[in-house]
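What follows is a short report on a single structure.
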Amino acid sequence: MGEATGTIIAAVIAFASAVIGAVIAGRYARGGAEAGGRKAVEAALAQVHGQAAAEHWQWVRSQRHQSFAALFAAYAVLDEVLTRLAPEARGSDGLDAAARREVGVGTLEMQAKTSQLALWGPSEANELAYSLTEASMAAVASLLAVVGTNPEGMSAAWSRFVDAREEMAHAHAAFLQRAGEILRDPRQPVS
């Protein structure tokens, strides 16, 4: 074998080695690229999921804030109506139709806002909201009982109204405290 043949054989071996090396390197590169691509996709999905979860909780917090504020506004209106109408109810004139309608509308508004709030939870807040509404309705009922009371029973009826208003204020304070805690920690469960 001559030098030329040895060079050709060496060149063929070198070429074959280069091709085989390129194929092997290509397969490893493809496998590495696929693994890297999967990891990149998984990381992107995790980031999107995390961002979506954060946005969801921010939205839930906003909905809770709005429903709590609506209930507080309805409570404030009903409380103002009861405060304003109490002297009239205790007086000999009683309540006229407009005043009775105002009390009824205030009560219905409290019930409606409590029902809306029940969508956003957590369940403890819902229970406190229903307690607040029940206490408010009891105060309204006791005010209306004052209207129909004769002078001899007025003191007892008025005392029941004052007690009912006090229960209404306690229920409001309990709900207000818990609502503040919920809004400061929005990751509490939805009912």
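The values are calculated or read from the model by the stated rules, or taken from the named source; none is laboratory data. A quick note: this is a predicted structure, and the numbers were derived from the prediction, not measured. Positions of Cβ are backbone-derived with ideal geometry, glycine not excepted, and every protein chain shown enters the neighbour counts. Remember, those area values only see protein heavy atoms, side chains included, never the ligands or the DNA or RNA. Shrake-Rupley method; radii C 1.70, N 1.55, O 1.52, S 1.80 Å.
Give me the percent of accessible area attributable to carbon and sulfur for the chain, probe 1.4 angstrom.
Working: 7190 of 11630 Å².
Within the chain, the accessible surface is 62 percent carbon and sulfur.
What angle, in degrees between 0 and 90 and rounded to the nearest 10, separates the Cα long axis of helix 154-184 from the longest principal axis of the Cα atoms of the chain?
With both axes taken from Cα atoms, the answer is about 10 degrees.
Once you've got the GNM for the chain with C-alpha springs shorter than 10 Å, pick whichever of MET168, MET137, MET154 has the biggest mean-square fluctuation.
Comparing MET168, MET137, MET154 in the GNM, the peak value goes to MET154.
Can you give the accessible area of THR5, probe radius 1.4 Å, in Å² rounded to 10?
For THR5, solvent-accessible area is about 60 Å².
Taking the radius of gyration and the Kirkwood hydrodynamic radius from Cα positions alone, what is the Rg/Rh ratio for the chain, to two decimal places? Kindly include the intermediate steps, with their values, before the conclusion.
Working: Rg = 37.0 Å, Rh = 22.1 Å.
Rounded to two decimals, Rg/Rh equals 1.67.
Could you tell me how many degrees, from 0 to 90 and to the nearest 10, lie between the Cα long axis of helix 123-147 and the main elongation axis, the longest principal axis, of the Cα atoms of the chain?
Tilt of helix 123-147: around 10 degrees.
Give the average over all directions of the projected area of the C-alpha convex hull of region 1-104, one decimal, in nm².
Values: hull surface 41.8 nm².
Seen from a random direction, the Cα hull of region 1-104 projects 10.5 nm² on average.
Set Lys and Arg Cβ to +1 and Asp and Glu Cβ to -1, take the dipole of region 12-107 about its Cα centre, and tell me which of ALA74, ALA98, GLN51 lies farthest positive.
My answer, from the dipole projection, is GLN51.
At 1.4 Å probe size, with no ligands or nucleic acids counted, give the accessible surface of ASP93 in Å², nearest ten.
Spelled out: ASP93, probe radius 1.4 Å, area about 140 Å².
Of THR5, LEU108, SER136, whose Cα points farthest to the positive end of the dipole of the chain (charges on the beta-carbon: +1 Lys, Arg; -1 Asp, Glu; origin at the Cα centre)?
Checking the options against the dipole of the chain, the answer is THR5.
What's the magnitude of the charge dipole for the chain around its Cα centre, counting Lys and Arg as +1 and Asp and Glu as -1 at the beta-carbon? Answer in Debye, nearest 20.
Once rounded to the nearest 20, the dipole reads 840 debye.
Quick one: give the max-minus-min coordinate of the C-alpha atoms of region 43-102 along each principal axis, largest first, in Å.
Extents along the principal axes, in whole Å: 75, 16, 8.
Projected area of region 1-42, taken from the Cα convex hull and averaged over every viewing direction, in nm²?
2.6
Return one whole number: the accessible area per residue of region 1-115 in Å², for a 1.4 Å probe.
On the way: 7640 Å² over 115 residues.
I get 66 Å² per residue for region 1-115.
Output needed for region 98-191: three equivalent-ellipsoid semi-axes, defined as square roots of 5 times the C-alpha gyration tensor eigenvalues, in descending order, whole Å. Write down the numbers at each step before the final one.
Values: eigenvalues 198, 41, 12 Å².
Those come to 31, 14, 8 Å.
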